[in-house]
Amino acid sequence: MSSRDNRTGRVARLSLLIAVAMIFSYVEAIIPYNPGIPGIKLGLANLVTVLALYLMGPKEAATVNFIRVIISGLLFNGAFAAVYALAGAALSLAGMVLLKKTGLFSITGVSMAGGVLHNLGQLIVASLIIEDLKMFFYFPVLLFSGIVAGIAIGIASALLEDRLRKSLRL
């Protein structure tokens, strides 16, 4: 297989992951599930980011994350929401990459940390915009929701990783 074929396949797989992340973002945007607590959602598109990290690597996961956040922000949530999402996604991915590199955490543990860091990143941006540190009183709620969502996404990622590795020939 030539390097060109290898690059083409890599771009195709990356494009597929971006498309799936966009679909998950759209599904979350149209499903009105809010447990009565602002800022809480499962983060289905983060499943694709975790899988991209484990199947392809940090650069590809960052690409999926960035493109998904920008496009879904503009299409479904608005540019202002994209700022929050981008902060959360960047902090989350940075933390997941570091934890994965240690080799000490399972995919579920890495995902759980990503869920918590995503919420923390959004909270930091909100406190900077509003210029009030009292926003951090909300962190325990976001910590709990990030743990729960991160575990759910991590379990789904663990179940899908081997299957996708085989079917995508990674």
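Annotations
- Annotation note: chymotrypsin sites (Phe, Trp or Tyr not before Pro) in region 6-89 located in DSSP loop regions with a Cβ neighbour count of at most 14 within 10 Å are Tyr33.
- Net charge contributed by nearby residues that have their C-beta within less than 15 Å of Ser72 (K/R +1, D/E -1): +1
- Helix 3-30 and the longest principal axis of the C-alpha atoms of the chain enclose an angle of approximately 30°.
- Column: log10 I(q)/I(0), Debye, Cα scatterers of region 129-170, q = 0.17, 0.19, 0.25, 0.35 Å⁻¹: -0.61, -0.66, -0.83, -1.02
- Annotation for Leu98 and Val83: the two label points, set 7 Å from Cα along the Cα-Cβ direction, are 2.5 nm apart.
- For volume of the Cα convex hull per residue in Å³, calculated from these coordinates, the label among (1) 135; (2) 118; (3) 223: (2)
- With Cα atoms, 0 to 90° folded angle of helix 139-167 axis to the chain main axis: 10
- Taking a straight Cα-Cα cut-off under 29 Å and skipping sequence neighbours fewer than 8 places away in the same chain, the lysines within cross-link reach of Lys100 are Lys41, Lys59, Lys166.
- Taking every alpha-carbon pair under 8 Å whose residues sit at least 6 apart, the chain reaches a relative contact order of 22 percent.
- The calculated 222 nm mean residue ellipticity attributable to helices in the chain amounts to -27000 deg cm²/dmol, summing -39500 (n - 2.57) over DSSP H runs of n ≥ 4 and dividing by all residues.
- Rounded to 10°, Cα long-axis angle of helix 45-55 versus longest principal axis of the chain: 40
- Dipole magnitude (debye, nearest 20) for the chain, charges at Cβ of Lys, Arg, Asp, Glu: 680
- Listed peptides 41-52, 128-139 appear in the order 41-52, 128-139 once ranked by packing, highest mean of other Cβ atoms within 10 Å at the front.
- All lysines inside 18 Å of Lys134 as judged from Cα atoms, apart from same-chain residues fewer than 8 positions distant: none
- Dipole-positive endmost among Ile30, Ile153, Pro58 within the chain (Cβ charges, Cα centre): Pro58
Only the coordinates and a few stated rules stand behind these numbers; no lab work does. Treat the numbers as computed from the prediction; the structure is a model and nothing was measured. With ideal geometry, Cβ positions are generated from the backbone for all residues, glycine too; neighbour counts draw on all protein chains shown.
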